[in-house]
Amino acid sequence: DAGVTQSPTHLIKTRGQQVTLRCSPKSGHDTVSWYQQALGQGPQFIFQYYEEEERQRGNFPDRFSGHQFPNYSSELNVNALLLGDSALYLCASSLAGKQFFGPGTRLTVL
Amino acid sequence: QKEVEQNSGPLSVPEGAIASLNCTYSDRGSQSFFWYRQYSGKSPELIMSIYSNGDKEDGRFTAQLNKASQYVSLLIRDSQPSDSATYLCAGGEGRISNFGNEKLTFGTGTRLTIIP
């Protein structure tokens with residue numbers, strides 16, 4: 001049973017650029033959540049998708065947007081990148097109450 | 001703002017001893033709590049979940065929840081060097097309509113080092 005997968009593993013962008021991160025949930029998991037983890041901090045909730053709709057959103061600006069596809073996979077888009085967007089971006093899929101994280105995408109904004 | 005607080009450590013424990021990790025939360029509505037282990041450079045790995053007051057045991061791990069005191073803890077018995085990691089405490093938002101898939105609020109994590 002494949003776990004949560006994310007791509008790419010690492011990404012380097014410059015300020016002002018746009019980025020798209022991808023996530024495939026565990027088999028059978030229908031809910032995908034995205035988190036941002038800055039160095040030395042705990043993950044912070046960005047938003048959650050279920051049935052192709054954004055169900056919940058954390059305190060992140062509209063520059064952060066997402067999408068969920070019919071196969072439950074998901075994308076996170078960040079526009080107008082800032083230096084402060086440098087972080088580990090984690091995708092978690094869930095079913096029956098437990099969230100399992102993927103390996104993450106390390107985003108560096110220069 | 002709903003918060004989850006942890007002692008950032010580092011916490012050093014001799015091999016074979018009991019490691020005790022603590023966490024407090026501010027949202028009285030939270031119904032679900034989780035402990036994740038995160039090795040350096042890796043993503044968080046779920047090790048325990050707890051929803052009811054009391055203790056829950058799984059192998060060498062015991063999670064404890066006290067909703068009246070808004071306190072969650074994790075005990076690791078017979079600590080091993082491989083237990084050295086950062087331990088993240090997380091609380092669910094507490095929306096009954098979304099129970100089990102709520103957004104999680106994480107603490108900053110406690111760095112645990114097991115000394116051989």
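Just so you know, all these numbers are worked out from the coordinates, no wet-lab data involved. All values derive from a computational prediction rather than experimental measurement. Every residue, glycine as well, gets a Cβ built from its backbone with ideal geometry; the counts of neighbours run over all protein chains shown.
A few points about this structure:
- Residues of type lysines that B:Lys42 reaches as a straight line, Cα spacing below 20 Å, ignoring anything fewer than 8 places off in the same chain: A:Lys26, A:Lys98
- In plain terms, the residue of B:Asp27, B:Asp58, A:Asp62, A:Asp85 with the fewest other Cβ atoms within 10 Å comes first and the most crowded comes last, giving A:Asp62, B:Asp58, B:Asp27, A:Asp85.
- Cα gyration tensor shape for segment A:36-105, rounded if a/c is under 1.5, else prolate or oblate: oblate
- Projected label distance in nm at A:Glu53 and A:Leu110, using a 7 Å step from Cα toward the beta-carbon: 4.3 nm
- Annotation note: GluC sites (Glu not before Pro) in segment A:1-86 located in DSSP loop regions with a Cβ neighbour count of at most 16 within 10 Å are A:Glu51, A:Glu52.
- Using a cutoff of 8 angstrom between alpha carbon atoms and counting only pairs six or more residues apart, the relative contact order for chain A works out to 37 percent.
- Given chain B, longest segment not containing exposed loop GluC sites (Glu not before Pro) (DSSP; at most 15 other Cβ within 10 Å): B:16-116
- Segment A:16-59 residues near the modelled A:Leu82 label - backbone nitrogen below 12 Å, point 7 Å along Cα→Cβ: A:16
- For segment B:22-116: rounded, prolate or oblate by the Cα gyration tensor [a/c cutoff 1.5]: prolate
- Net charge over other residues, Cβ less than 13 angstrom from the Cβ of B:Pro116 (K, R count +1; D, E count -1): -2
- For chain B: relative contact order, % (alpha-carbon pairs under 8 angstrom, 6 or more apart): 37 percent
- Sorted into 5 angstrom bins from 0, the C-alpha pair distances of the protein assembly as shown split as 1, 7, 15, 18, 19, 16, 12, 7, 3, 1, 0 percent.
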